[in-house]
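Student: First, the structure itself, so that you have it in front of you.
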Amino acid sequence: MTEKSNNDCAKCGACTSVCPVYQITGNEAHTARGKLHLISKLPGHSDSEVYAEILSKCLLCGACAKVCTRKINPPLLLAKARNQIPKTSGEHPFLQYLLRKSLSSSNLLAVISAMGVSLDKLTRNLPAASGLRLRLPLAQWKAQPQKNNTQLPHETIAFDEQTSINYFSGCMATYLCPAISVATANLARSIRKKTLVRQEGQNCCGLAAFSAGKLSEAQNLAKKNILAFESNQKPILTSCGSCFKHLKDYPELLADDPDWQGRAKDFADRILEFSAFLLQDNKIGSGDKHEKKTFVSTKIFYHDPCHLRHNDKSTKAPRTLLNSIPGVIIVEMPDGPRCCGHGGLFHLARPRLSKNIRNVFMEDFESLTVDTLTSTCSACLIQLQTSLVETNKSTPVKHLAVLLEELISGS
(Lines give C-alpha, C1' and ligand atoms only; values in the text may rest on other atoms or scores of the structure.)
Protein backbone atom coordinates (compact mmCIF):
# COMPACT_ATOMS: atom_id res chain seq x y z
CA MET A 1 0.00 0.00 0.00
CA THR A 2 1.35 3.43 -0.94
CA GLU A 3 2.14 5.52 2.10
CA LYS A 4 -0.01 8.62 2.45
CA SER A 5 1.95 11.88 2.59
CA ASN A 6 1.43 15.08 4.54
CA ASN A 7 0.13 16.67 1.32
CA ASP A 8 -2.88 14.31 1.39
CA CYS A 9 -4.31 16.05 4.49
CA ALA A 10 -7.83 17.35 3.77
CA LYS A 11 -7.56 19.93 6.59
CA CYS A 12 -10.91 18.65 7.90
CA GLY A 13 -9.93 19.09 11.54
CA ALA A 14 -11.07 15.68 12.78
CA CYS A 15 -7.71 15.33 14.54
CA THR A 16 -8.34 18.45 16.64
CA SER A 17 -11.18 16.74 18.52
CA VAL A 18 -9.03 13.83 19.71
CA CYS A 19 -5.51 15.26 20.14
CA PRO A 20 -4.51 15.26 23.85
CA VAL A 21 -1.92 18.00 23.27
CA TYR A 22 -4.30 20.32 21.43
CA GLN A 23 -6.92 19.84 24.13
CA ILE A 24 -4.44 21.34 26.60
CA THR A 25 -2.76 24.05 24.51
CA GLY A 26 -5.49 25.02 22.04
CA ASN A 27 -2.69 25.76 19.55
CA GLU A 28 -3.48 24.79 15.95
CA ALA A 29 0.22 24.08 15.31
CA HIS A 30 0.03 21.25 17.84
CA THR A 31 -2.62 19.31 15.92
CA ALA A 32 -1.72 16.68 13.34
CA ARG A 33 -3.23 18.97 10.71
CA GLY A 34 -0.98 21.83 11.80
CA LYS A 35 2.17 19.75 11.96
CA LEU A 36 1.60 18.11 8.57
CA HIS A 37 1.01 21.55 7.04
CA LEU A 38 4.23 22.78 8.63
CA ILE A 39 6.23 19.83 7.33
CA SER A 40 4.91 20.30 3.79
CA LYS A 41 5.53 24.06 3.71
CA LEU A 42 8.91 24.19 5.43
CA PRO A 43 11.13 21.51 3.91
CA GLY A 44 14.78 21.98 4.80
CA HIS A 45 14.08 23.83 8.05
CA SER A 46 15.17 21.00 10.33
CA ASP A 47 17.71 23.29 12.02
CA SER A 48 14.97 25.65 13.23
CA GLU A 49 14.41 25.44 17.00
CA VAL A 50 10.79 26.56 16.64
CA TYR A 51 10.17 23.88 13.99
CA ALA A 52 11.74 21.21 16.22
CA GLU A 53 9.79 22.40 19.25
CA ILE A 54 6.44 22.11 17.47
CA LEU A 55 7.22 18.63 16.15
CA SER A 56 8.23 17.49 19.65
CA LYS A 57 4.80 18.33 21.04
CA CYS A 58 3.18 15.09 19.99
CA LEU A 59 2.68 11.86 21.96
CA LEU A 60 2.49 9.71 18.78
CA CYS A 61 -0.55 8.13 20.45
CA GLY A 62 -2.31 7.46 17.14
CA ALA A 63 -5.62 9.17 17.98
CA CYS A 64 -5.35 11.36 14.88
CA ALA A 65 -4.62 8.40 12.59
CA LYS A 66 -7.68 6.59 13.91
CA VAL A 67 -10.07 9.41 12.91
CA CYS A 68 -8.31 10.54 9.71
CA THR A 69 -10.70 10.34 6.76
CA ARG A 70 -7.75 10.14 4.34
CA LYS A 71 -6.13 7.23 6.26
CA ILE A 72 -2.94 9.24 6.83
CA ASN A 73 -0.52 8.00 9.49
CA PRO A 74 0.69 11.25 11.15
CA PRO A 75 2.81 9.50 13.85
CA LEU A 76 4.92 7.80 11.16
CA LEU A 77 5.28 11.02 9.16
CA LEU A 78 6.20 12.95 12.31
CA ALA A 79 8.80 10.37 13.32
CA LYS A 80 10.37 10.69 9.87
CA ALA A 81 10.35 14.48 10.16
CA ARG A 82 11.98 14.25 13.59
CA ASN A 83 14.63 12.06 12.00
CA GLN A 84 15.76 15.12 9.99
CA ILE A 85 16.25 17.26 13.11
CA PRO A 86 19.96 17.29 14.03
CA LYS A 87 19.55 17.81 17.78
CA THR A 88 17.31 16.29 20.44
CA SER A 89 14.45 18.74 20.96
CA GLY A 90 12.56 19.56 24.13
CA GLU A 91 13.73 19.70 27.71
CA HIS A 92 16.26 17.36 29.33
CA PRO A 93 17.98 16.32 26.07
CA PHE A 94 20.68 14.39 27.93
CA LEU A 95 18.11 12.45 29.95
CA GLN A 96 16.21 11.65 26.76
CA TYR A 97 19.43 10.38 25.23
CA LEU A 98 20.33 8.41 28.35
CA LEU A 99 16.91 6.74 28.59
CA ARG A 100 16.87 5.91 24.89
CA LYS A 101 20.36 4.39 25.04
CA SER A 102 19.52 2.50 28.23
CA LEU A 103 16.51 0.91 26.61
CA SER A 104 18.55 -0.10 23.59
CA SER A 105 21.18 -1.86 25.72
CA SER A 106 20.19 -4.99 27.61
CA ASN A 107 23.45 -4.89 29.58
CA LEU A 108 22.85 -1.33 30.75
CA LEU A 109 19.24 -2.12 31.64
CA ALA A 110 20.44 -5.03 33.75
CA VAL A 111 22.72 -2.66 35.68
CA ILE A 112 19.89 -0.16 36.18
CA SER A 113 17.63 -2.98 37.34
CA ALA A 114 20.20 -3.99 39.94
CA MET A 115 20.19 -0.38 41.19
CA GLY A 116 16.40 -0.37 41.53
CA VAL A 117 16.29 -0.87 45.28
CA SER A 118 18.77 1.96 45.84
CA LEU A 119 16.81 4.31 43.57
CA ASP A 120 13.61 3.47 45.40
CA LYS A 121 15.20 4.29 48.76
CA LEU A 122 16.65 7.49 47.33
CA THR A 123 13.35 8.85 46.01
CA ARG A 124 10.93 7.46 48.60
CA ASN A 125 11.36 10.33 51.06
CA LEU A 126 11.72 13.13 48.53
CA PRO A 127 9.06 15.85 48.43
CA ALA A 128 6.44 15.39 45.73
CA ALA A 129 7.66 18.53 43.95
CA SER A 130 11.31 17.44 43.94
CA GLY A 131 12.96 17.74 40.53
CA LEU A 132 14.79 14.50 41.20
CA ARG A 133 11.48 12.66 40.91
CA LEU A 134 11.31 13.88 37.31
CA ARG A 135 14.89 12.85 36.66
CA LEU A 136 14.37 9.35 38.06
CA PRO A 137 10.88 8.57 36.77
CA LEU A 138 11.34 4.79 36.76
CA ALA A 139 12.10 4.83 40.47
CA GLN A 140 8.48 5.75 41.17
CA TRP A 141 7.35 2.34 39.97
CA LYS A 142 6.54 0.01 42.86
CA ALA A 143 7.46 -3.40 41.56
CA GLN A 144 5.44 -6.36 42.79
CA PRO A 145 7.53 -9.11 44.43
CA GLN A 146 8.31 -12.28 42.52
CA LYS A 147 6.96 -15.64 43.63
CA ASN A 148 9.92 -17.72 44.70
CA ASN A 149 8.56 -21.02 43.38
CA THR A 150 8.03 -19.83 39.81
CA GLN A 151 10.66 -19.81 37.07
CA LEU A 152 10.88 -16.80 34.83
CA PRO A 153 10.55 -17.35 31.07
CA HIS A 154 14.17 -17.59 29.97
CA GLU A 155 16.45 -18.40 27.08
CA THR A 156 17.57 -21.65 28.76
CA ILE A 157 14.14 -23.29 28.55
CA ALA A 158 13.97 -25.75 25.63
CA PHE A 159 11.34 -24.88 23.02
CA ASP A 160 8.70 -27.57 22.55
CA GLU A 161 6.68 -27.26 19.34
CA GLN A 162 3.52 -28.55 21.03
CA THR A 163 3.50 -26.74 24.37
CA SER A 164 5.80 -23.71 24.00
CA ILE A 165 5.08 -20.19 22.82
CA ASN A 166 7.55 -17.36 22.28
CA TYR A 167 7.51 -14.50 24.77
CA PHE A 168 8.64 -10.95 24.02
CA SER A 169 8.78 -9.68 27.58
CA GLY A 170 9.78 -6.06 26.96
CA CYS A 171 12.08 -3.93 29.08
CA MET A 172 9.88 -3.45 32.12
CA ALA A 173 8.84 -7.09 32.59
CA THR A 174 12.42 -8.22 32.09
CA TYR A 175 14.38 -5.72 34.15
CA LEU A 176 12.19 -3.40 36.22
CA CYS A 177 9.31 -5.65 37.27
CA PRO A 178 9.97 -9.36 36.59
CA ALA A 179 6.77 -10.16 38.46
CA ILE A 180 4.97 -9.29 35.21
CA SER A 181 6.86 -12.05 33.40
CA VAL A 182 6.17 -14.48 36.24
CA ALA A 183 2.45 -13.74 36.24
CA THR A 184 2.21 -13.90 32.44
CA ALA A 185 3.97 -17.28 32.45
CA ASN A 186 1.70 -18.62 35.20
CA LEU A 187 -1.46 -17.49 33.40
CA ALA A 188 -0.28 -18.89 30.06
CA ARG A 189 0.37 -22.22 31.76
CA SER A 190 -2.85 -22.40 33.79
CA ILE A 191 -5.28 -21.00 31.19
CA ARG A 192 -3.74 -21.92 27.83
CA LYS A 193 -1.48 -24.85 28.86
CA LYS A 194 1.48 -23.11 27.23
CA THR A 195 5.05 -22.59 28.43
CA LEU A 196 6.57 -19.21 27.65
CA VAL A 197 10.07 -19.12 26.17
CA ARG A 198 12.02 -15.87 26.00
CA GLN A 199 14.28 -16.17 22.97
CA GLU A 200 17.92 -15.19 23.35
CA GLY A 201 18.94 -11.98 21.59
CA GLN A 202 15.72 -10.00 21.96
CA ASN A 203 16.04 -6.30 22.80
CA CYS A 204 13.89 -3.25 23.46
CA CYS A 205 11.13 -3.06 20.86
CA GLY A 206 12.56 0.30 19.71
CA LEU A 207 9.52 2.49 20.36
CA ALA A 208 11.54 5.07 22.32
CA ALA A 209 14.05 5.42 19.49
CA PHE A 210 11.23 5.68 16.94
CA SER A 211 9.46 8.35 19.00
CA ALA A 212 12.66 10.38 19.13
CA GLY A 213 12.94 10.17 15.35
CA LYS A 214 16.06 8.00 15.56
CA LEU A 215 14.86 5.73 12.78
CA SER A 216 18.19 4.02 12.12
CA GLU A 217 18.41 3.06 15.79
CA ALA A 218 14.79 1.83 15.80
CA GLN A 219 15.38 -0.18 12.62
CA ASN A 220 18.49 -1.84 14.06
CA LEU A 221 16.56 -2.90 17.18
CA ALA A 222 13.75 -4.23 14.99
CA LYS A 223 16.17 -6.34 12.96
CA LYS A 224 17.73 -7.79 16.12
CA ASN A 225 14.29 -8.79 17.41
CA ILE A 226 13.27 -10.34 14.11
CA LEU A 227 16.48 -12.37 14.09
CA ALA A 228 15.95 -13.48 17.69
CA PHE A 229 12.60 -15.08 16.87
CA GLU A 230 13.40 -16.68 13.51
CA SER A 231 14.48 -19.98 15.09
CA ASN A 232 10.81 -21.07 14.92
CA GLN A 233 7.56 -19.86 13.36
CA LYS A 234 5.36 -20.08 16.45
CA PRO A 235 3.37 -17.05 17.71
CA ILE A 236 5.11 -14.38 19.78
CA LEU A 237 3.27 -13.19 22.88
CA THR A 238 3.91 -9.83 24.49
CA SER A 239 2.42 -8.53 27.74
CA CYS A 240 3.15 -4.84 27.04
CA GLY A 241 0.52 -2.93 25.08
CA SER A 242 2.96 -0.38 23.62
CA CYS A 243 5.45 -3.08 22.64
CA PHE A 244 2.63 -4.96 20.91
CA LYS A 245 1.72 -1.98 18.75
CA HIS A 246 5.30 -1.17 17.80
CA LEU A 247 6.21 -4.79 17.03
CA LYS A 248 3.18 -4.97 14.73
CA ASP A 249 4.47 -1.83 12.97
CA TYR A 250 7.84 -3.34 11.97
CA PRO A 251 6.71 -3.75 8.32
CA GLU A 252 6.17 0.03 8.06
CA LEU A 253 9.42 0.75 9.89
CA LEU A 254 11.38 -1.45 7.48
CA ALA A 255 9.28 -0.75 4.37
CA ASP A 256 12.22 0.78 2.49
CA ASP A 257 14.54 -2.17 3.14
CA PRO A 258 13.80 -4.95 0.60
CA ASP A 259 15.98 -7.42 2.50
CA TRP A 260 13.92 -7.06 5.65
CA GLN A 261 10.43 -6.01 4.58
CA GLY A 262 9.15 -9.56 4.07
CA ARG A 263 10.78 -10.81 7.25
CA ALA A 264 9.25 -7.91 9.17
CA LYS A 265 5.77 -8.81 7.91
CA ASP A 266 6.21 -12.47 8.85
CA PHE A 267 7.35 -11.37 12.31
CA ALA A 268 4.48 -8.90 12.80
CA ASP A 269 1.90 -11.50 11.75
CA ARG A 270 3.04 -13.69 14.63
CA ILE A 271 2.63 -11.08 17.39
CA LEU A 272 -0.10 -11.76 19.96
CA GLU A 273 -1.49 -9.34 22.53
CA PHE A 274 -1.52 -10.77 26.06
CA SER A 275 -5.20 -10.44 26.98
CA ALA A 276 -6.48 -11.59 23.57
CA PHE A 277 -4.16 -14.62 23.79
CA LEU A 278 -5.63 -15.69 27.13
CA LEU A 279 -9.13 -15.63 25.63
CA GLN A 280 -8.29 -17.89 22.68
CA ASP A 281 -9.74 -21.42 22.81
CA ASN A 282 -10.89 -20.90 26.36
CA LYS A 283 -14.24 -20.76 28.09
CA ILE A 284 -13.48 -17.26 29.41
CA GLY A 285 -15.84 -14.84 27.75
CA SER A 286 -18.65 -17.36 27.26
CA GLY A 287 -20.37 -16.25 30.45
CA ASP A 288 -18.57 -18.67 32.74
CA LYS A 289 -16.73 -17.40 35.79
CA HIS A 290 -13.37 -18.49 37.13
CA GLU A 291 -13.54 -20.32 40.42
CA LYS A 292 -11.79 -18.42 43.12
CA LYS A 293 -10.49 -19.54 46.50
CA THR A 294 -12.06 -16.56 48.23
CA PHE A 295 -14.84 -14.28 47.05
CA VAL A 296 -14.11 -10.60 47.72
CA SER A 297 -15.82 -7.75 45.92
CA THR A 298 -13.24 -5.43 44.37
CA LYS A 299 -13.53 -2.39 42.12
CA ILE A 300 -11.03 -2.33 39.25
CA PHE A 301 -10.20 0.50 36.89
CA TYR A 302 -8.63 -0.70 33.65
CA HIS A 303 -6.71 1.99 31.78
CA ASP A 304 -6.72 1.55 28.00
CA PRO A 305 -3.25 2.27 26.58
CA CYS A 306 -3.55 4.65 23.64
CA HIS A 307 -1.44 2.36 21.47
CA LEU A 308 -4.08 -0.35 21.84
CA ARG A 309 -7.19 1.81 21.98
CA HIS A 310 -6.40 3.72 18.80
CA ASN A 311 -4.46 1.17 16.80
CA ASP A 312 -5.75 -2.29 17.62
CA LYS A 313 -9.12 -1.72 19.30
CA SER A 314 -8.04 -4.15 22.05
CA THR A 315 -10.43 -2.74 24.63
CA LYS A 316 -12.80 -5.67 25.10
CA ALA A 317 -10.42 -8.53 25.95
CA PRO A 318 -9.01 -7.09 29.22
CA ARG A 319 -12.51 -6.34 30.47
CA THR A 320 -13.74 -9.80 29.48
CA LEU A 321 -10.92 -11.36 31.50
CA LEU A 322 -11.68 -9.23 34.54
CA ASN A 323 -15.43 -9.86 34.26
CA SER A 324 -14.78 -13.60 34.32
CA ILE A 325 -13.66 -13.37 37.94
CA PRO A 326 -16.31 -13.38 40.71
CA GLY A 327 -16.50 -10.20 42.71
CA VAL A 328 -14.81 -7.95 40.17
CA ILE A 329 -16.60 -4.71 39.37
CA ILE A 330 -15.08 -2.72 36.49
CA VAL A 331 -15.24 1.03 36.99
CA GLU A 332 -15.12 3.30 33.93
CA MET A 333 -14.28 6.95 33.34
CA PRO A 334 -17.40 9.14 33.04
CA ASP A 335 -16.42 10.35 29.55
CA GLY A 336 -14.62 7.22 28.40
CA PRO A 337 -10.90 6.35 28.16
CA ARG A 338 -8.31 9.10 27.88
CA CYS A 339 -4.57 9.53 27.45
CA CYS A 340 -2.35 9.52 30.55
CA GLY A 341 0.25 11.82 28.94
CA HIS A 342 3.38 9.67 29.17
CA GLY A 343 4.14 9.13 25.48
CA GLY A 344 7.52 7.44 25.80
CA LEU A 345 10.18 10.17 25.76
CA PHE A 346 7.45 12.84 25.59
CA HIS A 347 7.25 12.97 29.41
CA LEU A 348 10.92 14.00 29.49
CA ALA A 349 10.89 16.29 26.45
CA ARG A 350 7.72 18.10 27.52
CA PRO A 351 7.32 17.38 31.27
CA ARG A 352 4.87 20.19 32.03
CA LEU A 353 2.66 19.37 29.08
CA SER A 354 2.82 15.68 29.97
CA LYS A 355 1.83 16.46 33.54
CA ASN A 356 -1.06 18.69 32.42
CA ILE A 357 -2.46 15.89 30.24
CA ARG A 358 -1.97 13.47 33.13
CA ASN A 359 -3.75 15.83 35.54
CA VAL A 360 -6.84 15.93 33.31
CA PHE A 361 -6.86 12.14 33.47
CA MET A 362 -6.40 12.14 37.25
CA GLU A 363 -9.23 14.63 37.82
CA ASP A 364 -11.68 12.14 36.35
CA PHE A 365 -9.99 9.18 38.01
CA GLU A 366 -10.17 10.75 41.45
CA SER A 367 -13.93 11.06 41.11
CA LEU A 368 -14.14 7.25 41.03
CA THR A 369 -14.13 4.75 43.88
CA VAL A 370 -11.45 2.26 42.91
CA ASP A 371 -9.54 -0.47 44.75
CA THR A 372 -6.91 -1.11 42.07
CA LEU A 373 -5.73 0.59 38.87
CA THR A 374 -4.44 -1.68 36.12
CA SER A 375 -3.15 -1.53 32.54
CA THR A 376 -0.89 -3.47 30.17
CA CYS A 377 1.31 -0.58 29.02
CA SER A 378 4.61 -0.21 30.88
CA ALA A 379 4.81 3.54 30.27
CA CYS A 380 1.22 4.14 31.40
CA LEU A 381 1.81 2.14 34.59
CA ILE A 382 4.86 4.25 35.44
CA GLN A 383 3.05 7.51 34.64
CA LEU A 384 0.02 6.69 36.76
CA GLN A 385 2.10 5.31 39.63
CA THR A 386 4.16 8.52 39.61
CA SER A 387 1.02 10.65 39.81
CA LEU A 388 -0.37 8.68 42.73
CA VAL A 389 2.95 8.90 44.58
CA GLU A 390 3.14 12.67 44.05
CA THR A 391 -0.40 13.18 45.35
CA ASN A 392 0.00 10.73 48.27
CA LYS A 393 -2.69 8.40 46.97
CA SER A 394 -2.49 4.76 48.06
CA THR A 395 -4.38 3.12 45.17
CA PRO A 396 -2.33 0.09 44.03
CA VAL A 397 -1.12 0.16 40.41
CA LYS A 398 -0.61 -3.30 38.89
CA HIS A 399 0.01 -4.79 35.50
CA LEU A 400 -3.05 -6.71 34.33
CA ALA A 401 -1.16 -10.03 34.39
CA VAL A 402 -0.14 -9.55 38.01
CA LEU A 403 -3.66 -8.51 39.00
CA LEU A 404 -5.34 -11.38 37.14
CA GLU A 405 -3.09 -13.95 38.77
CA GLU A 406 -3.83 -12.54 42.21
CA LEU A 407 -7.58 -12.47 41.60
CA ILE A 408 -7.74 -15.97 40.13
CA SER A 409 -5.61 -17.50 42.88
CA GLY A 410 -7.43 -15.57 45.59
CA SER A 411 -4.15 -14.23 46.98
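Student: Report every pair of residues separated by at least 6 positions or lying on different chains whose Cβ atoms are under 7 Å apart, first residue within the range 316-339 and under 12 Å from T298 (Cβ atoms), second in a helix (DSSP H, G or I).
Tutor: I325/L407; I325/I408; V328/L322; V328/L407; I330/R319; I330/L322; I330/N323
Student: Quick test for you: out of K35, K71, pick the one residue that is closer than 26 Å to D304 by Cβ and part of a loop (DSSP other than H, G, I, E, B).
Tutor: Checking each option against the conditions leaves just K71.
Student: Go through the range 150-256 and tell me which helices (runs of 4 or more DSSP H), entirely inside it, have 1 or more residues that are within 23 Å of T374 (Cα to Cα).
Tutor: 179-192, 207-211, 241-248
Student: Identify, from the list S409, S387, the residue that is of a type in the set (G, A, S) and open to solvent by 10 Å² or more (accessible area, probe 1.4 Å).
Tutor: None of the other options fit; the residue is S409.
Student: I'd like the residue in the range 3-54 that is at pLDDT 90 or above and of a type in the set (D, E, K, R) and, out of all such residues, is most open to solvent (accessible area, probe 1.4 Å).
Tutor: So the residue we want is K11.
Student: Out of the residues in the range 392-404 that are more than 15 Å from A173 (Cα to Cα) and modelled with pLDDT of 90 or more, state the one that is farthest from the chain's Cα centre (by Cα). Before the answer, list the steps.
Tutor: We begin by selecting, within the range 392-404, every residue more than 15 Å from A173 (Cα to Cα); these are 392-396, 404.
Adding the requirement that they be modelled with pLDDT of 90 or more leaves 395-396, 404.
Values: T395: 21, P396: 19, L404: 19 Å.
Ranking the candidates gives T395 first.
Student: Same structure, new question: Hand me the list of helices (runs of 4 or more DSSP H) wholly inside the range 301-411 holding 1 or more residues that are closer than 16 Å to L278 by Cβ.
Tutor: It comes to 306-309, 316-323, 400-409.
The values are calculated or read from the model by the stated rules, or taken from the named source; none is laboratory data. The structure presented is a predicted model; accordingly, all values stated were derived computationally and were not measured. Glycine gets a Cβ as well: all are built from the backbone with ideal geometry, and neighbour counts include every protein chain shown. Please note that ligands, DNA and RNA were not included when accessible areas were found on the heavy atoms of the full protein model with its side chains. Shrake-Rupley method; radii C 1.70, N 1.55, O 1.52, S 1.80 Å.
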